[in-house]
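Working notes, beginning with the structure itself.
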């Protein structure tokens, strides 16, 4: 397992629901990755990494930077009821006063998505502008595809999907 510098990783589901084994579908639903192009921010713990390695053929993942977390939360953060996450929702539902402070705390691992009341843990992303790079969605990243661990390149992919 590669050594990670940050305590948060971003996991994006790349492949769809057709012909997925039930144990893998269960693991994906436990990770809140129920549809294509959904993204979650997870802690870099051994249990989480075990789940990610089990669904490695359906997702791409890597360590996420603080700037990317801030853009992701600002652009795609949603609260229950369909509303967009804003500073007023943060003040009501958490101890954080601004989006910038909350995203910095999430990126450093000092806060989690559960700290804000009614915040959805999933970010719905668009397909990437320019398409997925190189060899398609059925090959590992190391072999020219998209799936699996991609390291710091996950930040570029998220930028293209916002």
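Taking the listed residues 158, 154, the one that is more than 19 Å from residue 102 (Cβ to Cβ), touching a strand residue (DSSP E or B) at 6+ places or on another chain (Cβ under 7 Å) and in a helix (DSSP H, G or I) is 154, with no other qualifying. Do we find that residue 18 is in the same structural domain as residue 149 (by TED's automatic domain parsing), more than 13 Å from the chain's Cα centre (by Cα) and either at pLDDT 95 or above or surrounded by 15 or more Cβ atoms within 10 Å (Cβ to Cβ) (or both) in this structure? In short, no.
One line per residue, one yes/no per condition, for (1) under 12 Å from the mean Cα position of the chain (by Cα); (2) surrounded by 16 or more Cβ atoms within 10 Å (Cβ to Cβ):
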site: 8; (1), (2): yes, yes
site: 14; (1), (2): yes, yes
site: 25; (1), (2): no, no
site: 33; (1), (2): yes, yes
site: 38; (1), (2): yes, yes
site: 42; (1), (2): yes, yes
site: 58; (1), (2): no, yes
site: 64; (1), (2): yes, yes
site: 75; (1), (2): no, no
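Taking the conditions exactly as written (without any contact (Cβ under 8 Å) to a residue 24 or more places away in the chain, assigned to a loop (DSSP other than H, G, I, E, B), farther than 23 Å from residue 48 by Cβ and in the same structural domain as residue 29 (by TED's automatic domain parsing)), does residue 135 satisfy them or not? So residue 135 passes the test.
The values are calculated or read from the model by the stated rules, or taken from the named source; none is laboratory data. No experiment lies behind these values; they were computed from the predicted model shown. Here the Cβ is made from the backbone with ideal geometry for all residues, glycine too, and neighbour counts use every protein chain on show.
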